[in-house]
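What follows is a set of notes on a single structure, which appears directly below.
Read-outs throughout are calculated quantities, based only on the coordinates presented, and are distinct from any laboratory measurement. In this text the structure is predicted, and so the values were computed from the model without any measurement. Neighbour counts are summed over all protein chains in view; Cβ atoms, including those assigned to glycine, are modelled from backbone coordinates with ideal geometry.
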Amino acid sequence: MTSSEIRQHFLDFFQRKNHLIVQSAPLVAKNDPTLMFNNSGMAQFKDFFLGNGTPPAKRVADTQKCLRVSGKHNDLEDVGFDTYHHTMFEMLGNWSFGDYFKTEAITWAWELLTEVYKLPKDRLYVSVFEGDTKDNVPFDQEAWDLWKPIVGEDRIILGNKKDNFWEMGDTGPCGPCSEIHVDLRPQSEVDVQSGRELVNADHPQVVEIWNLVFMQFNRKADGSLEPLPARHVDTGMGFERLCMAIQGKMSNYDTDVFTHTIKVIEELSGIPYGGSQRDYPDVAMRVIADHIRAVSFAIADGLIPSNARAGYVIRRILRRAVRYGYSYLGFTEPFLTKLVPTLAMQFANVFPELNAQRDFVATVIREEEAAFLRTLENGLKLLDKITADLTQSGGTVIDGETVFELNDTFGFPSDLTALIAREKGLSIDEAGFQKALQQQKERSRKDASSATGDWTELNDIDGVEFLGYDQTEAEARIAKYRKVQNKQGTQYQIVLDRTPFYAESGGQIGDTGRLEVRVGDQTVLIRIADTKKENDLIIHISNDKNLEEILDTHSSVLAKIDSSRRTAISDNHSATHLLHAALRDVLGKHVGQKGSYVGPDALRFDFSHFAKVTDEELAEVERIVNEKIRENIPLDERRNVPIDEAKNLGAMALFGEKYGDFVRVITFDPAYSVELCGGTHVPATGQIGLFKFTSEGSVSTGIRRIEAVTAERALALLNEQQATVDQLKELLKAPKDVLKAVQSLIDERHQLQKKIEALESEKLQQIKTDLLTKVRASNGHSVIVERVEVPSADALKQLAYDLKAKVDNLALVLGSDINGKPQLAVMLPDELIKGKNLHAGNLVKELAKEIRGGGGGQPFFATAGGTDASGLDRALAKGRELLEK
């Protein structure tokens, strides 16, 4: 059975059990402050478990792309060294939202594994939660009683809180679980030792394949548990491990999930894959086969490698793969990019977003690889210097902080640093490295968590009704609130049952405004500084102080947004749609949105394109956008459109966004701009008034950024530019042709510059002639130590080289005060370098102490700069003394 068939059998099975099959959410978690990546199948459904939203059906199944490389769930360091850990993996799952519970979950799991997949019953074991007195959660007697007639008592294992109480983070939905494990060892090993003894013992062939989680509780910020509004089922089956079990393999990497990629790696490297867990070439191939999936799908889902948060995690994964290929497979040129087509075709039917963008993904990866290969080479040189300095100083151990820096910055794992160190008779401080690594993990975990408090529930709601497309104010009830401590200080986060406030999403920033509360004859205002989304909740954020009393005692409010601000935002959002369409017209259909900012002051639009947008292209795009504005195209807004119908209308969907079964379609002329969008827009394009670019540039590999202004901001920009031109005309006395006047000034400046350079050259020649008369003989070599007046550091260097060309065996120290900044130059002959073991760089560093500066250079020539010109004569005196010695 192929991996594709295994996946399809799962989906078909649960479809027959009346489950709605839904698409995978993107890898990057959005609108969830507790997660950086979707690390489990249930992440996209968390709000349904909490009762904050309504699921699309009571029974749901899917295969979800997951990533575990940071925070609580971190498998990165195990990848490649064992047979079953991965960064990105697929999680097959079925869910019940307040519908069926343990009975159906357990019996269906057994039916699928043994009757559909035909796994041998005598190789399966199950575990149930033994209970936990600290959390006051009892032994899961119900699960035990359900499993007992199916597998027998001898195949049921009691599990503790670590193994059999599932939690996705420090807070949130959780509950006891039953795991299903499979024993894949050869029969000869099974005859000697029962698989029961190896469950949860990290045996590579006795592994968990399915986890049936019974969601009953919500973990609060204080660590306590509270019952969820309804009981749910959340199951997660590791697709790669399931394929290993069904295909009878000893490793996930031996299944057809990975063999296609590994075959390409073999062909590119010329090294056969042996499947060894000890040989580093085999480890490298597993690392690469795993990591290319994570990197490719993350980029396809809209995440670009960078130096911040989620982008940095993806960059680390990519660099880890490049480093293994470089060190153990001999790849000195970009190679990961060549794996993308194979991967894209393999997953085209289940995750089509990668195949749709494979050229873009391959280009981003290629540029990242090339950049890191240069960094890697520099890292090796740095390590050579570290070991050389350590040996010279008599040390034998590379400190842990240095080992960590090599790992974190250059992608050198500690084992590679240790290997290179051993070759040179050194070792590493493993304990110090582990300490630094743990501190980094703690920082990562802290970054991935949210400093949110517990909600104070005031009114039960089924969900939040958004009214902002049609209303700017509305009566509402306060559903709940919480007090939060973060970098901004104390904030109150307020949830209403209905609201006109737009929550930040899709690039559009959140609304501001106020909540009006009637207290007797007075109206109390709660200022709303921002509006955010958390899963499916719309959260109104206030920085006002001491709101508990008014929130606890007054549930009705009048919610009012800042209407003028919203209008400016809508102008800019609609302009991004017109801009997107114009870019595709001018640059090509490969252009796709990769990010945006839509605020009241300006808009920013990031898009895929592999070259600078020329001035002519920008001018044409700007012309088209303004033409569409003048046409005053009316908005055609359609809500709750079935997703398939929207696609048939030609609506563009953004990669990396999760769309439901029903979407909102925004159209400005069906032949021009049709997009899926949840933002706010103008009633007709004429309201935008005017569109004007302010900048165009590169964000990262293959991503360009355009910034622009509209409406009053655009008019203000044009007025400001016109005022500048008018001032220039007045200054240049050129009322008609200001460009000609400016060009004349530039030409005149060039001519004057040439005259200055000629005079300086003449002066430099005179200084050189004077210095040649001051050459002194000392111990077989010639010495010049003088203070000179030169216009620049480059002139000082040129003077030193000119003197070297004229004087044999020259040792010199020159000093100059250049506009209040002291400069030193040192030149040494070969006799002093080789015979006396002198180094100009070391000498200039010593002299630079007198001018409170530093410098360096080559053995024969070095320079230094400083901040204290009064020490220049002391530096020269010290130089003269050292050379005469």
* Structure fact -> Straight-line reach check, Lys560, cutoff 23 Å on alpha carbons, 8 or more apart in-chain or any other chain, hits among lysines -> Lys480, Lys483, Lys532, Lys533, Lys545
* Asked: Can you work out ³J(HN,Hα) from phi for every residue in the range 2-16, in order, using Karplus 6.51 cos²θ - 1.76 cosθ + 1.60 and θ = phi - 60°, giving whole Hz and x for Gly and Pro?
  -> 6, 4, 4, 5, 4, 4, 5, 4, 4, 5, 5, 4, 7, 5, 5
* To do: Once every Cα of the range 376-444 carries one equal point scatterer and solvent is ignored, give the base-10 log of I(q)/I(0) from the Debye formula at q = 0.26, 0.27 Å⁻¹, two decimals.
  => -1.17, -1.24
* Sequence-distant aspartates and glutamates (8 or more away, or on other chains) whose Cα lies within less than 17 Å of Lys647 -> Glu353, Asp636, Glu637, Glu657, Asp661, Asp669, Glu675
* Sorted by Cβ density within 10 Å, fewest first, the residues Ile633, Ile494 -> Ile633, Ile494
* Where does the chain land at 222 nm, in deg cm²/dmol rounded to the nearest 500, when only DSSP H runs of n ≥ 4 count, each adding -39500 (n - 2.57), divided by all residues? -> -12500 deg cm²/dmol
* **Contour excess over end-to-end distance, with Cα ends at Glu846 and Ser276 and 0.36 nm allotted per residue** => 199.7 nm
* To do: Take the Cα pairs of the range 86-186, get the Kirkwood Rh, then feed it into Stokes-Einstein at 37 °C and 0.692 mPa s and tell me D in µm²/s.
  => 219 µm²/s
* Give me the orientation-averaged projected area of the Cα convex hull of the range 757-884, in nm², one decimal. => 6.9 nm²
* Label point 7 Å beyond Cα of Gln187 along Cβ direction - residues of the range 230-260 with amide nitrogen under 14 Å -> none
* Share, in percent, of DSSP beta bridges within the range 731-864 that are antiparallel, nearest 5 -> 75 percent
* So what does log10 I(q)/I(0) come out to for the range 566-720 at q = 0.18 Å⁻¹, using the Debye formula with one equal point on every Cα and no solvent? -> -1.10
* Starting from the range 471-568, pick out the trypsin sites (Lys or Arg not before Pro) whose DSSP state is loop and whose Cβ has at most 14 other Cβ atoms within 10 Å. => Lys487, Lys545
* **Dipole moment magnitude, nearest 20 debye, the chain about Cα centre, only Lys, Arg, Asp, Glu C-beta charged** => 2260 debye
* To do: Report the net charge of residues surrounding Leu515, where surrounding means a beta-carbon distance below 9 angstrom and charges are Lys +1, Arg +1, Asp -1, Glu -1.
  => +2
* Structure fact -> With the 8 Å Cα cutoff and a minimum separation of six or more residues, the chain has a relative contact order in percent of 7 percent
* lysines within cross-link reach of Lys381: Cα-Cα under 29 Å, excluding same-chain residues under 8 positions apart? -> Lys338, Lys424, Lys435, Lys441, Lys797, Lys834, Lys836, Lys845, Lys849
* To do: Return one quarter of the surface area of the convex hull spanned by the alpha-carbon atoms of the range 456-561, equal to its mean projected area, in nm².
  => 6.6 nm²
* Structure fact -> Helix 430-448 sits off the longest principal axis of the Cα atoms of the chain, rounded to the nearest 10 on a 0 to 90 degree scale, by 60 degrees
* Asked: Near the amide H of Thr512, under 5 Å away, which other amide H atoms are found, from residues 5 or more places off or on another chain, if H is placed in the peptide plane?
  -> Asp562
* Any chance you could give the angle, 0 to 90 degrees and rounded to 10, that helix 414-423 forms with the longest Cα principal axis of the chain? => 50 degrees
* Structure fact -> Contact order relative to length for the range 276-375, counting C-alpha pairs under 8 Å separated by 6 or more residues, stands in percent at 30 percent
* Asked: Which angle from 0 to 90°, rounded to the nearest 10, does the C-alpha axis of helix 793-806 make with the longest principal axis of the chain?
  -> 50 degrees
* Lysine pairs within the range 42-153, Cα separation less than 29 Å, 8 or more sequence positions apart or different chains -> 20
* Asked: Where the convex hull is taken over the Cα atoms of the range 151-297, what is its projected area averaged over directions, in nm²?
  -> 12.1 nm²
* **Using alpha carbons only: equivalent-ellipsoid semi-axes of the range 1-71, gyration tensor based, whole Å** => 23, 18, 7
* Structure fact -> Between Ile157 and residues 5 or more places away or on another chain, the pairs with built amide H atoms under 5 Å apart involve Val126, Ser127, Val128
* Structure fact -> Between His85 and residues 5 or more places away or on another chain, the pairs with built amide H atoms under 5 Å apart involve Gly80
* **Vicinal HN-Hα couplings computed from phi for the range 838-845 (Karplus, 6.51 cos²θ - 1.76 cosθ + 1.60; Hz; Gly/Pro x)** => 8, 9, 4, x, 5, 5, 5, 4
* To do: Assuming 0.692 mPa s and 37 °C, estimate D for the chain with Stokes-Einstein, Rh taken as the Kirkwood radius over Cα pairs, in µm²/s.
  => 101 µm²/s
* **Whole-Hz couplings from phi, Karplus 6.51/-1.76/1.60, listed for the range 705-715; x for Gly and Pro** => 10, 10, 10, 8, 10, 9, 6, 5, 5, 5, 5
